Number of protein chains: 2
Amino acid sequence: MTASEIRALFAVASRPEVVSLAGGMPYLAALPLDSLARDVHDLIAEQGQVALQYGSAQGIEALREQICEVMRLEGIQGHPDDIVCTVGSQSGLDLVTRVFCDPGDVILAESPSYVGALGTFASFQTEVVHVGMDDQGLQPEALRQAISAVRQQGKRIKFLYTIPNFQNPGGVTLAVSRRAEILEICRGADIMVLEDNPYGLLGFDGQAYPALRSMDADNVVYLGSFSKTFAPGLRVGWALAPHGVREKLTLAAESATLCPPAFNQMIISRYLAEHDWMGQIKTYRECYRERRDAMLSALDELMPAGCTWTRPDGGFYVWLTVPEGMDTKAMLPRAVTARVAFVPGTAFYGSPLGGEERHRQMRLSFCYPTPDRIREGVHRLSGVFEAELDLMQTFGTGGRSNTGGPQSPSPDLA
Amino acid sequence: MTASEIRALFAVASRPEVVSLAGGMPYLAALPLDSLARDVHDLIAEQGQVALQYGSAQGIEALREQICEVMRLEGIQGHPDDIVCTVGSQSGLDLVTRVFCDPGDVILAESPSYVGALGTFASFQTEVVHVGMDDQGLQPEALRQAISAVRQQGKRIKFLYTIPNFQNPGGVTLAVSRRAEILEICRGADIMVLEDNPYGLLGFDGQAYPALRSMDADNVVYLGSFSKTFAPGLRVGWALAPHGVREKLTLAAESATLCPPAFNQMIISRYLAEHDWMGQIKTYRECYRERRDAMLSALDELMPAGCTWTRPDGGFYVWLTVPEGMDTKAMLPRAVTARVAFVPGTAFYGSPLGGEERHRQMRLSFCYPTPDRIREGVHRLSGVFEAELDLMQTFGTGGRSNTGGPQSPSPDLA
């Protein structure tokens, strides 16, 4: 499928009769919209000439101070001077890649990895080398081997890109016991770590894991976001970086947008100051835990033999593998016809190398539909699988789609 | 001066006792903040789940339709499908450069040109070749010569970057009689035109010139912005591009930020639908005309012999040249000590080649300070000039700063 075919398919998938298990859209009905409306009113009425004016490329200082408070929940001792506010953390990914990478450079990433990051990495003509995960996250031995193999080919590794908590799309979390080892391997090999942590505060048991950045302030660039803990539409994220890197990111940010929108940062700053934002995160957690439970119990009940999936403790996603011979990308149009959508596994790989397994994988999101709709979606999906398995038993094999590189990221896949 | 020295200097220059003729900040006191406050309230209360959610990478359709109406004022017949909403038009510059340019490619630009564009062009390791202007704007013959000279060196020209109306920093407008010729030269040489038009509706006599895009739909990528006609803090601009280019820009925009903030676009869309936005632009025009008049009459009255300057019919800027032997960059710290700030001419050149004249130039902005403050600022500036001329008469020459490439763009220089 080409980017435009995917776009057309997702246009169909966005119809209300389709249960979309594809998108990564937070469930914003949980937000206190009435009091937010009063906040934005007051911001414009009282501080409109600042909110609507050009601002600092690095971001407003009050918000950068509050971001330090937020990060402390995951053990990070950061300084507001070392923070650059970005237009969503996607922009952080873009700026870091722009600053560090030349065409042909290698970026290490989990296998599979976030489609939006892969799109950005591809746009700078870098090469992504995937590193294996298990249910404890990134495997240290696989990381060592990947570094060694890439260097034997004479290629330059610029950084390890990792989503340690409730990974997108894998739904797994890097075991705390592995974190120091992963950091040590990277430090020893002189490879920077780019830690992307949009879901860290969305652990369903209220657990927070120590950020990689909390264990290594010198070799980690940390990306944070308010998209999942508050709302994505304001596009406010941040990068916390060692001093020299932060300077470069600020210059790159000026070049990209002059400055992030001041109004949006002020909305978040006021929200953090005046609302029970921790309580809101708890509300989100409970909402997503209920949906995770709905998805897992429906999968347990309905999936045909031979399917396997991850059991996330937080975040938005389940990663599902179908039996051999089936191809998730080839099945997507049939699924949409059956009024259920998912993202095929191939979207989450940035290199054409690697296992055939990706054709049997898919990401299922439980963040947006209600529990009932999730159950209905899994039910429809199981019908598609059963029909496919019947075909395979009759004709010997399912359809196989073309091998694809990273598809273009799309907000629906965020 | 390094980027950080400039930053430090502008930190001092932003103190209230300094008259800043440096920044390009619109005068937002003219905005109807109370009714805007009610609008943003209602948007969140009534459509918060859309406004705060991920949106389309291309931008919301209603706004793209309204943008077509806005562009019609300058003769452009565009289609909403060919518009990409951007995070300010700075982001449009960034995306176009990213899509078209490889390191070493040449971009043609007016001499002098917008500092923010030069910063972006430099960040993609392109080479800027400046093309001479006179008081009628870009000179067709100089353009022909530049194309020929660059190609003789075996270099590849990717596009002509031009600000045809009330140019930043030159304050001059490309004569309507020259527009077809400039377009024809570029088309004939297979060079795309990147038209940057933030000030087009700010002509002091209410005049609007036909956009280059209105005369050539196939070879012009047009950048528009609400930063100067409404407010910059929302960071909403747009690119209008031929179909194939628009597809590429959308993909690049997804890679850069996933999507521009939906809320910000909805604010602008509602503002255009429900406010007298043409009346607001008229208010801005009158405000800036009064300030332009204040600056020109103060310059006429106070500048020492040998100084020359442009007489803009719109926009924000006057471009001033001081007598031979003086150096504006070297004078800036002294000017700030005398409580007046400007941007030295060297900031507006992207290539180290070219005339020595740039050291004698500076940009003076009249958009932000009140007429009284503008007169006071020019008065202080004339004191600095007189002192410098005295020194020169006594010791033979003024100080000369190092030749600089483009300085980092800064919101204060927008």
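Restricting attention to segment B:80-96, report how many residues are at the interface with chain A (Cβ under 10 Å from one of its Cβ atoms) and either hydrophobic (A, V, I, L, M, F, W, C) or under 19 Å from residue A:121 (Cβ atoms) (or both).
Total meeting the criteria: 4.
Looking only at residues that are touching a strand residue (DSSP E or B) at 6+ places or on another chain (Cβ under 6 Å) and part of a helix (DSSP H, G or I) in segment A:338-375, which one is farthest from residue A:323 (Cα to Cα)?
Ranking the qualifying residues of segment A:338-375, first place goes to A:373.
Output yes when any residue across segment A:40-52 is closer than 27 Å to residue A:274 by Cα and among the charged types (D, E, K, R), and no when none is. Before the answer, list the steps.
So in segment A:40-52, the residues closer than 27 Å to residue A:274 by Cα come out as A:40-52.
This time we only want the ones that are among the charged types (D, E, K, R), so: A:42, A:46.
The answer is yes; a qualifying residue exists.
Just wondering, is there one or more residues in segment B:340-354 that are in contact with a Lys or Arg (Cβ under 6 Å, 6 or more places away or on another chain), closer than 19 Å to residue B:294 by Cβ and at pLDDT 95 or above?
So far as segment B:340-354 goes, yes, one or more of its residues are in contact with a Lys or Arg (Cβ under 6 Å, 6 or more places away or on another chain), closer than 19 Å to residue B:294 by Cβ and at pLDDT 95 or above.
Looking at segment B:22-55, which of its residues are more than 30 Å from residue B:288 (Cα to Cα), more than 7 Å from chain A (Cβ to nearest Cβ) and either among the acidic types (Asp, Glu) or surrounded by fewer than 20 Cβ atoms within 10 Å (Cβ to Cβ) (or both)?
B:42, B:46, B:47, B:50
Name the single residue that is nearest to residue A:388 (Cα to Cα) among those in segment A:310-337 being in contact (Cβ under 8 Å) with a residue 60 or more places away in the chain and in a strand (DSSP E or B).
Keep residues of segment A:310-337 that are in contact (Cβ under 8 Å) with a residue 60 or more places away in the chain, which gives A:310-319, A:322-323, A:325-327, A:329-333, A:336.
Checking the rest, the ones that are also in a strand (DSSP E or B) come to A:314, A:317-319.
Numbers: A:314: 31, A:317: 24, A:318: 21, A:319: 19 Å.
Checking each candidate, the answer is A:319.
Taking into account only those residues within segment A:172-225 that are among the small types (Gly, Ala, Ser) and within 23 Å of residue A:144 (Cα to Cα), which is surrounded by the fewest Cβ atoms within 10 Å (Cβ to Cβ)? Reasoning before the result, please.
The first filter runs over segment A:172-225 and keeps only residues among the small types (Gly, Ala, Ser), leaving A:175, A:177, A:180, A:188-189, A:200, A:203, A:206, A:208, A:211, A:214, A:217, A:224-225.
Keeping just the survivors that are within 23 Å of residue A:144 (Cα to Cα) gives A:175, A:177, A:180, A:188-189, A:211, A:214, A:217.
Values: A:175: 16, A:177: 8, A:180: 14, A:188: 10, A:189: 15, A:211: 24, A:214: 19, A:217: 15.
Here the residue is A:177.
Restricting to segment A:215-251, and then to whatever is assigned to a helix (DSSP H, G or I) and in contact with a strand residue (DSSP E or B) (Cβ under 9 Å, 6 or more places away or on another chain), can you tell me which residue is farthest from the other protein chains (Cβ to nearest Cβ)? Walk me through it before giving the result.
Restricting attention to segment A:215-251, the residues satisfying the condition of being assigned to a helix (DSSP H, G or I) are A:215, A:232-234, A:243-251.
Filter again for in contact with a strand residue (DSSP E or B) (Cβ under 9 Å, 6 or more places away or on another chain), leaving A:232, A:245-246, A:249-250.
Values: A:232: 5, A:245: 15, A:246: 12, A:249: 12, A:250: 9 Å.
Restricting to residues being assigned to a helix (DSSP H, G or I) and in contact with a strand residue (DSSP E or B) (Cβ under 9 Å, 6 or more places away or on another chain), the top hit is A:245.
Give me the residue from segment A:124-135 that is in contact with a helix residue (DSSP H, G or I) (Cβ under 6 Å, 6 or more places away or on another chain) and closer than 19 Å to residue A:168 by Cβ and, out of that set, nearest to the other protein chains (Cβ to nearest Cβ). Steps first, answer last, please.
Residues of segment A:124-135 in contact with a helix residue (DSSP H, G or I) (Cβ under 6 Å, 6 or more places away or on another chain): A:124, A:128-129, A:131-132.
Checking which are closer than 19 Å to residue A:168 by Cβ leaves us with A:128-129, A:131-132.
Details: A:128: 14, A:129: 20, A:131: 22, A:132: 26 Å.
Once the filter is applied, the top-ranked residue is A:128.
Taking segment A:256-309, which residues are surrounded by fewer than 19 Cβ atoms within 10 Å (Cβ to Cβ) and of a type in the set (S, T, N, Q)?
Of everything in segment A:256-309, those that are surrounded by fewer than 19 Cβ atoms within 10 Å (Cβ to Cβ) and of a type in the set (S, T, N, Q) turn out to be A:280, A:283, A:297, A:308.
Evaluate the following for residue B:85: is it in contact with a helix residue (DSSP H, G or I) (Cβ under 9 Å, 6 or more places away or on another chain) and more than 21 Å from residue A:87 (Cβ to Cβ)? So that I can check it myself, show each step before the final result.
Numbers: in contact with a helix residue (DSSP H, G or I) (Cβ under 9 Å, 6 or more places away or on another chain): yes; more than 21 Å from residue A:87 (Cβ to Cβ): no.
Answer is no for this residue.
Hey, among the residues in segment B:9-21 that are within 21 Å of residue B:227 (Cβ to Cβ) and in a loop (DSSP other than H, G, I, E, B), which one's farthest from the other protein chains (Cβ to nearest Cβ)?
By that ranking, first place goes to B:21.
Just give me the residues in segment A:45-65 being touching a residue at least 40 places away in the same chain (Cβ under 8 Å) and either in a helix (DSSP H, G or I) or touching an Asp or Glu at 6+ places or on another chain (Cβ under 7 Å) (or both), in sequence order.
Restricting attention to segment A:45-65, the residues satisfying the condition of being touching a residue at least 40 places away in the same chain (Cβ under 8 Å) are A:47, A:50-60, A:62-64.
If the condition is that a residue be touching a residue at least 40 places away in the same chain (Cβ under 8 Å) and either in a helix (DSSP H, G or I) or touching an Asp or Glu at 6+ places or on another chain (Cβ under 7 Å) (or both), then A:47, A:50, A:51, A:57, A:62, A:63, A:64 are the ones that fit.
The values are calculated or read from the model by the stated rules, or taken from the named source; none is laboratory data. A quick note: this is a predicted structure, and the numbers were derived from the prediction, not measured. Glycine also receives a Cβ, built like all others from the backbone with ideal geometry; neighbour counts cover every protein chain displayed.
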